[in-house]
Amino acid sequence: MHTALFWFLAAVSVISALGVVLQRNPVHCLLSLIVTLLAIAVMFIGEGAIVVGFLQAIVYGGAIMVLFLFVIWLLNLGVEIGPTGHIALKFFGTLAVAAMTAELMAFMLPPHLEVKYAGHVAGYGSIDSLSQKLFSEYLVAFEVTSVLLLVAVIGAVALARRTSASEIAQNADDSARRAQGAS
Amino acid sequence: MRTLVQTLLASGFFGRNTPYDLVAAIAVFVLSAAVFLGVAFPFAGIVSWVERRVWARIQSRVGPNRVGPNGFLQWLADGVKHVCKEDIVPTDADPVLFKMAPYLVVLAFVLPWAVMPFSSALILADLNVGILYMTAVTAITVVGVLMAGWASNDKWSLIGGIRSAAQIVSYEIPAGLSIFPVVLMTGTLSMQGIIRAQGWAPQHWFLFANPFTFVAANILFISALAEGNRTPFDLPEAESELVAGFATEYSGMRYLFFFMAEWGNLFIIGAIIATLFLGGWQFPRVSNNPVVMNVLELITFNVKVLFLVFVSMWVRGTLPRVRIDQLMTLCWKYFVPIAFANMIGTAIWVAIWPEGNPVAGYIMFAAGIVVAIVFIRRVVFYAKRSQMELYYYPTI
């Protein structure tokens, strides 16, 4: 990838990431997050990891962000006005953020994290090499993830399921009988 | 693209020391401008006129026939009218998002043209993940539509936007799953690769390759209509309930952008189906001249796409709008399970016949012809029995 292009995309993603944190309107924050994710997707594509880039655009930029927008709109969050919370919360919050940043810096700054760039191996970033790895070397992790997602789907259905009228009547009967027994 | 730039540099037209990147950038700008201004936008305009004429015929009306021959210039008149109108931003709207939303929708309409395989040579970029790219960039529409609905700060717009998002996100799943059978059979995601894996004759198309791909093609077409907010799935802009849905507060050029993208998306829907299932630009090799072959392939591809565009107009003129619960039932209870079954079925088929089964192609094609004949006979039978008056003049 061209260096100038990299700096441009890096600037876009950092500025929009700051926008996520600093803006007051939650919808504006979310749209900034979409810009961040799309900029990172373009970076992936520029580095030759085309499949990962497009999957990021489809999954994060498209589907998941839309679900987030739904949640925010249906919960009807207003514009956050002014600082909220106790002064102690702010104090300890700032401390925690500083500690976190220091920890991240200790990991990220050289010489701990040297850029190890092996160059493009054959078939780098193509869907063939990705699926070869996914279905041979990382098969167990892949299958465990799919089971986890299945559990999440079933859990969501169980939570969202409406109780039918007969079940409500049954529950009312039970509690009435229990109340009688107690008296 | 790369060869074109190298040819340009070698021709010496740009001078000796011109950097490669500059020429490449100019070539990309000129070519994309040519595609959008010369193909995409006029297509969206002309289709709006064709569609109104076709509906009018289906509903025994005349349709727009005043501007130009047979009303052909109606789309230009509409465009000029919209450009001249005032661009109103409501006081309570979120001004930045309100102004930005139509551009996002148009962006999602122009980006797919980069991988549109018009012929064996005419393609801007033959990405090796072409069909995945199509899916990724058309997903941007939903952000634009939701943004328009929310930023208008109006209940009709918000309901329209949320309906549209729910619909598009749901129907992306069967649409995506219906692409996989073809990918399983070819082992590539590139548009040109998928077309090259098929032949010019119908029995070599993936539509007739096996029963699963036939079902997948139909699911993909219906899901694409739903994603494009077309009748019978045009709930987001249901005029009788929501004024104009997410576009209620828009006026002038911004309003036009939404509808230009909607009509232009018809071509993209048709192109995806034609590429995946109808053999794309494949044409019998009648000449060794590459120019002649490319022109013939361009015509073939466009005929297939325009036929599909006509079918979607036909559907729109015929079927009433579905309810929102029917829409969701159709997607989640029927299309998603059938699409999964298709995928598994195709995987088994490919495991048994890795090179494809030529006999199945002929049988499926014959079955398709039988279905078409039965359909035409029924239409003729009812047309005769109801003693309707048929007018055969296409131009009034």
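Read-outs throughout are calculated quantities, based only on the coordinates presented, and are distinct from any laboratory measurement. What you are looking at is a predicted structure, and each value in this text was computed from that prediction instead of being measured. Because the Cβ atoms are built from the backbone with ideal geometry, glycine has one as well, and the counts that use them run over all protein chains shown.
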>> Show me, for the stretch A:92-101, the HN-Hα J-couplings you get by feeding each phi into the Karplus relation (A = 6.51, B = -1.76, C = 1.60, θ = phi - 60°), rounded to Hz, glycine and proline as x.
In response: 5, x, 4, 4, 4, 5, 5, 4, 4, 4
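What 222 nm value per residue comes from the helices of chain B, counting each DSSP H run with n ≥ 4 as -39,500 (n - 2.57) and dividing by all residues, nearest 500 deg cm²/dmol?
-21500 deg cm²/dmol
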> Once you put a point 7 Å from the Cα of B:Lys333 and another 7 Å from the Cα of B:Thr318, both along the Cβ direction, what distance in nm separates them?
Replying inline: 2.5
> In the neighborhood of B:Arg61, defined by Cβ-to-Cβ distances under 12 Å, what is the net charge if each Lys or Arg adds +1 and each Asp or Glu adds -1?
Replying inline: +3
>> Give me the percent relative contact order of the stretch B:85-356, please, defined on Cα pairs under 8 angstrom at least 6 residues apart.
In response: 26
> Tell me, A:Cys29, B:Cys331 in order of fewest to most beta-carbon neighbours within 10 Å?
Replying inline: A:Cys29, B:Cys331
>> Quick check on the exposure proxy: order B:Ser178, B:Ser120 from fewest to most C-beta atoms within 10 angstrom.
In response: B:Ser120, B:Ser178
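Once fully extended, how much extra length lies between A:Glu47 and A:Thr3, figured as 0.36 nm per residue of separation less the alpha-carbon to alpha-carbon distance?
Working: separation 44, 0.36 × 44 = 15.84 nm, distance 1.12 nm.
Extra length available between A:Glu47 and A:Thr3 comes to 14.7 nm.
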> R0 = 60 Å: FRET efficiency of B:Leu37 with B:Trp353, Cβ-based, nearest 0.05?
Replying inline: 0.85
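Using the Cα atoms of the protein assembly as shown to build a convex hull, what is its mean projected area in square nanometres? Please list the in-between numbers first.
Numbers: hull surface 160.8 nm².
For the protein assembly as shown, averaging the hull's shadow over all directions gives 40.2 nm².
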>> Quick one: 3J(HN,Hα) in Hz for the stretch B:134-148, Karplus 6.51/-1.76/1.60 with θ = phi - 60°, rounded, Gly and Pro as x.
In response: 3, 4, 5, 7, 6, 6, 5, 3, 5, 5, x, 5, 4, 4, 4
>> Can you tell me how the stretch B:133-261 classifies by the Cα gyration tensor, rounded, prolate or oblate, using a/c under 1.5 as the rounded cut?
In response: prolate
